[in-house]
1. Give the relative contact order (percent, whole number) for segment 45-155; include only Cα pairs under 8 Å separated by 6+ residues.
2. Taking the mean number of other Cβ atoms within 10 Å as a proxy for protection, how do you rank 443-454, 303-314, 30-41, 238-249 from highest to lowest?
3. Segment 230-358: D in µm²/s via Stokes-Einstein (Kirkwood Rh, Cα pairs, 25 °C, 0.890 mPa s)?
4. Answer rounded, prolate or oblate for the chain, using the Cα gyration tensor with square roots of eigenvalues a ≥ b ≥ c: rounded when a/c is under 1.5, else prolate when a/b is larger than b/c, else oblate.
5. May I ask which residue of 159, 179, 202 lies farthest towards the positive end of the charge dipole of segment 151-212, with charges of +1 (Lys, Arg) and -1 (Asp, Glu) on Cβ and the Cα centre as origin?
6. To the nearest 20 debye, what charge dipole does the chain have about its Cα centre, counting +1 at the Cβ of each Lys and Arg and -1 at the Cβ of each Asp and Glu?
7. Give me the distance in nm between label points sitting 7 Å out from Cα along the Cα-to-Cβ direction at residue 163 and residue 194, one decimal.
8. Can you give me the C-alpha center-to-center distance between segment 87-143 and segment 160-174, rounded to a whole angstrom?
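Since every read-out is calculated from the coordinates, none of them should be taken as a lab result. All values reported here derive from a predicted model rather than from experimental measurement. Glycine also receives a Cβ, built like all others from the backbone with ideal geometry; neighbour counts cover every protein chain displayed.
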Amino acid sequence: MRYFPLFLDLRGRLVVVVGGGTVAERKVELLAASGARLLVVAPRLTAALAAAARRGRLEHRARRFEAADVDGARLVVAATGDPGVNRAVAGAAEAQGVVVNVVDDVELSSGIVPAIVDRSPLLIAVSTAGTAPALARRVRAQIEAALDESLGRVATFAAAWRTRIKAALTDLDRRRRFYDWLLEGPAAELIRQARLPVAERVVAAELERQRGAVAARPPRGSGSVALVGAGPGDPGLLTLAALRALQGADVVLHDRLVSGAVLALARRDAQLVEVGKSAGGHRVAQRRINELMVLHARAGRRVVRLKGGDPLVFARGGEELEHLRRAGISFEVVPGITAALACAAYAGIPLTHRDHSGSLRLVTAHCRESIDATDWQSLAAGRETLAVYMGVAALPQLCAALLRHGRSAATPVALVENGSRPEQRVVVGSLGDIEAQAARHAVRSPALLIIGEVAALARTLHWFGEAPAGAFPQGASRSAA
């Protein structure tokens, strides 16, 4: 270990930066966050550094470096790009026993600046001893993705309770178990949800219970459910919040259509349970899903209810949340990218376009009841885009209803099958012939139906997978191209 990792308290301490260019500007910005007293030595400054000097955020000596500039400094940074000046800075700092960092010159440096993950007061420094800064940045990015932004708030919260916890729980093992509960259990979830007063009450109640507990046993189990949107299938479209939920889950209750690539991101020892519903069994299957969520949560487990797309768009997420609320189970919702947005984007179709469509409607056609309840007169009017979920099986009825209520048979239509996945296919046509096109190309669910002038842009704007199959009416193709 060539470099010993150490965190310096620079509040109010003198830090000297030699250089006034863009590299020095980045160093000053980083150091300013530490509360250091900054001195910049350089004949000229960038506009941003000059503005900071005018506002009194740093002192500027508008000349070349002199050895006396390092007097009284806690840290010196050389960022001039001039090897001779950098050597002089390093020599002056070394002579006074001051830590010096020479940018991009490990041999002249007695200290190096790591890549930093900032969840203050939690800080994580990543270093490759100056040998591979790009690798340090990549590792930092991976850590950034894995650590929730709320960790800093959790750390601050725990620090505020430290004295009370220590006084209430004198036994070290019990205190450690309580901190495990505090940092991983319902209190941490409440802090992440910005519900600090509730978190205070939960911690106070649990601490009081533990204070009076006779046996040194861990705090009672208190599970929770996260309703998480898995997106359309491409794991790269998961949100960071969804990824963190998966990696912290004890149990994942997932729909049948959630891709294997997404499931592979769950914690290795998590229990994966497929709860996909099949035709004819919706009511019983949903009841069982509700039972499983409550069962696992009451056993103290962290449950992820993983649903394709967004859990609250044409899914039964709302019903599941109502059931959890009635059962008294703590929950949260992590939105996902819904199929209309993802499929359209991966097919090169802008759902709205200044020249072709100024509005968008999301429609579902998963059963006869939803088709009968649809206001087809309204959908057939105007030049808006229709994104129809679960419309493959009902395609004949959909097209017939729109045509019957006045939508032009020449209206461009696109079917996006397995949108965002490697096996994605796009089949295009018109409202009058898309049924035949779908049959010719054997389109299967899951597929999203996009109806409107913007669908014609799939021909020229496609970028993912194979070019669209099928053909548009010639007039529509010209108008949207």
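1. 15
2. 303-314, 443-454, 238-249, 30-41
3. 157
4. oblate
5. 159
6. Its charge dipole is roughly 1140 debye.
7. About 2.9 nm, to one decimal.
8. 37
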